[in-house]
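A.B. asks: Quick one: this structure, given as structure tokens, is what I'll be asking you about.
The values are calculated or read from the model by the stated rules, or taken from the named source; none is laboratory data. Remember, predicted model here, so these are calculated numbers, not experimental data. Cβ atoms come from the backbone with ideal geometry, glycine included; neighbour counts cover every protein chain shown. For accessibility, only protein heavy atoms count, side chains too; no ligands or nucleic acids. Shrake-Rupley method; radii C 1.70, N 1.55, O 1.52, S 1.80 Å.
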Amino acid sequence: MRRALTAAAAAAAITVLAAACGSSTQTGSDSSSSKVVLRLGFLENITHASALIGIKEGFFTKDLGQGVTLKLTPFSTGTEEATALLAGQLDAAYVGPNPAIKAWQTSGGKLIRVISGAASGGAALVVKKGITSASQLKGQKLATPSLGNTQDVALRYWLKKQGLTSSPTGGGQVPITPITPNSDAVLAFESGKIAGGWEPAPYDAEMVAAGGHELVNEASLWPKGQFVTTNLVATQSFISAHPSAISGLLKAQVQASSFIASSKSQAEAAANAELASLSGKSLKPAILAAAFQQVTFTNDPIASSLIADAQHAVSVGLLSPVKNLTALYDLGPLNKQLSEAGQPQVSP
């Protein structure tokens, strides 16, 4: 199984020098004339394939521009990414909606902005085959990636809607155990230590391959099956200080999304190759195909679902009420890139 790096491994992060970085000056309208380091976080998930493909295909290296050094740090969970953002260890990150909301709220709305969408879908509750209804989950231990992450909130909220209780400390009628990295949850499922888990792709697909079945596909719970799984966020300070680097980052995101849409098999191969490079183990072809089948890659951040995610987190006691979440979005730079690429604009 693959093992993702944690925030503690930030010192070992991959550093990539952007094109023409021999220059000591920053191009564009950036306020700084010195070289810029863009510290980008992401997860080793297929729901973060835009990041994986952007790295493997060199979109980031090509588009970030003169004098920009890209420092890449893979994480195990979005909760860890949010912690790193709050600690000032990242400038941008591919991250799920709930960790983004938490970082926004914790900083009083001052830390980050969502600058693009990246993925919709790609998460499911997979359980052992003997479980076919919600009522059978009583007393069964389930896993999520981390307390308060997007899949954790989804599971707790769904259980509440089914009349079942859970608690942040693993109590209630359905005990929930955060397991990091996600690959360890697959191992725990295979060994019978847990009855299942609400996991992102490809880990839900791996649980199915290990003998489980989907009890709930998260897409079935949302209007038209659309809900944000991954957004691209950046700190407000970096957006203000280095707008041309942000433009380059967004150009790479748009290119990665277009590459997936136009060259699916090549995109799958690129994402798998990058996973292998990071973890030392690639996905089996059937798992790779099943994982990509679940995910819609889109630059639209699907803001309505993020707002609903916040309400769900409040409902299960993992978030204090938060207002004016539309202020979390800064989509002007993205829409400029979409316009230049001849693609439709998005809105919060």
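A.B. asks: Anything in segment 121-137 that is open to solvent by 20 Å² or more (accessible area, probe 1.4 Å) and part of a strand (DSSP E or B)? List them, or say none.
C.D. replies: Hit for segment 121-137 is K128, nothing else.
A.B. asks: Please go through segment 195-246 and pick out each residue that is in a loop (DSSP other than H, G, I, E, B) and either open to solvent by 10 Å² or more (accessible area, probe 1.4 Å) or on the phi > 0 side of the Ramachandran plot (or both).
C.D. replies: A210, G211, W222, Q226, H242
A.B. asks: Going by what's in this entry, would E80 be described as over 14 Å from the mean Cα position of the chain (by Cα), closer than 25 Å to A205 by Cβ and not polar (S, T, N, Q)?
C.D. replies: No, not satisfied.
A.B. asks: Here is a follow-up. Which of the residues belonging to segment 299-316 are among the polar types (S, T, N, Q) and in a loop (DSSP other than H, G, I, E, B)?
C.D. replies: N299
A.B. asks: Right, next: Out of the residues in segment 254-274 that are in contact with a Leu (Cβ under 6 Å, 6 or more places away or on another chain) and touching a residue at least 24 places away in the same chain (Cβ under 8 Å), state the one that is surrounded by the fewest Cβ atoms within 10 Å (Cβ to Cβ).
C.D. replies: Checked segment 254-274; the qualifying residue surrounded by the fewest Cβ atoms within 10 Å (Cβ to Cβ) is E268.
A.B. asks: Could you tell me whether L319 is in a loop (DSSP other than H, G, I, E, B) and out of contact with any Ser or Thr (no Cβ under 6 Å at 6 or more places or on another chain)?
C.D. replies: In short, yes.
A.B. asks: Which condition number in (1) open to solvent by 10 Å² or more (accessible area, probe 1.4 Å); (2) under 29 Å from A261 (Cβ atoms); (3) not small (G, A, S) is the one that V95 fails?
C.D. replies: (1)
A.B. asks: Which residue pairs have Cβ atoms closer than 8 Å, lie 6 or more positions apart in sequence or on different chains, and pair a first residue in segment 227-248 that is under 18 Å from K35 (Cβ atoms) with a second residue that is charged (D, E, K, R) and assigned to a helix (DSSP H, G or I)?
C.D. replies: Pairs that qualify, where the first residue is under 18 Å from K35 (Cβ atoms) and the partner is charged (D, E, K, R) and assigned to a helix (DSSP H, G or I), are S247/K336; G248/D63.
A.B. asks: Taking the stated definitions as given, is L155 assigned to a helix (DSSP H, G or I) and within 24 Å of the chain's Cα centre (by Cα)?
C.D. replies: Considered against the rule, which asks whether it is assigned to a helix (DSSP H, G or I) and within 24 Å of the chain's Cα centre (by Cα), L155 comes out as yes.
A.B. asks: Being at pLDDT below 55 and open to solvent by less than 10 Å² (accessible area, probe 1.4 Å): is that true of A18 here?
C.D. replies: yes
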